[in-house]
Amino acid sequence: MPWPTKKLEDENKISLWDYVSRSLMALEIISIITGLYFIWVQLKNIVDNQKLSFDQASTEQNIREIQFLKDFKKELTTGVNYQIYTSLVHGKPILRENGGTFTTDDLKEYLSVFNELSFVSGKGFIDGSVIWSFFYYYIAYTFENKEIQTYLKLLREYSPGRFGGLDRLYNYIKEYQVHVESLKGNEN
């Protein structure tokens, strides 16, 4: 009878091996599912952190933009710069040699504000639509003034890019004006 006993032991070993094998497979599946769950949790945390980071960056951008707006608005609405702008609006001469009250240095300081505004806008610190909203008239009155264009032409004979920020801002506000008008036209 040794033969049947041996066969029975071999069958028990196989079923024991099947049991261990199936248990290991079940453990492997559970491990994979658990791992996938932890990966999902980690990815969710990353996405949430990036969203929070983006919201903070957006808030910081808005604060920075507001600060720049305040600074530029103050530059244009105080002192000699405001007097120059007021003269432009009323169509009065600007420079002393043309019957105005301001020196070329005064005018250069005034024009430099637009260069700085153009630079800050170009770097993305102030949105273009905000420039259009807050500075449209300052830019338009300045750029469209014949005396200023004559002065810029004279300066640009020796330095072609001089005060090019004003040109860039003017082109932008005019393009943006066309865009705004096309949106109004689409509403009708």
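Assorted remarks:
- A cut-off of 5 Å between modelled amide H atoms, ignoring neighbours fewer than 5 places along the same chain, links Gly100 with Ile94, Leu95.
- For the residue pairs Lys108/Lys146; Lys146/Lys184; Lys73/Lys108; Lys146/Lys174, the alpha carbons lie more than 21 Å apart in Lys146/Lys184.
- Likely footprinting exposure, Thr104, Thr78, fewest C-beta neighbours within 10 Å first: Thr78, Thr104
- Estimated vicinal HN-Hα couplings, Hz - region 108-115 in sequence order (Karplus 6.51, -1.76, 1.60; Gly, Pro = x): 4, 4, 4, 5, 5, 4, 6, 4
- Among Phe134, Phe119, the ranking by other beta carbons within 10 Å of each residue's beta carbon, starting with the fewest, stands as Phe119, Phe134.
- Fewest-first ordering of Ile29, Ile173, Ile84 by other beta carbons within 10 Å of each residue's beta carbon gives Ile29, Ile173, Ile84.
- Working note: Karplus 6.51/-1.76/1.60 with θ = phi - 60° gives region 23-32 the couplings 5, 5, 5, 5, 4, 5, 5, 4, 5, 5 Hz, where Gly and Pro are set to x.
Just so you know, all these numbers are worked out from the coordinates, no wet-lab data involved. Given the structure is predicted, the values throughout are model-derived calculations rather than measurements. Please note: Cβ atoms are built from the backbone with ideal geometry, for glycine as well, and neighbour counts cover all protein chains shown.
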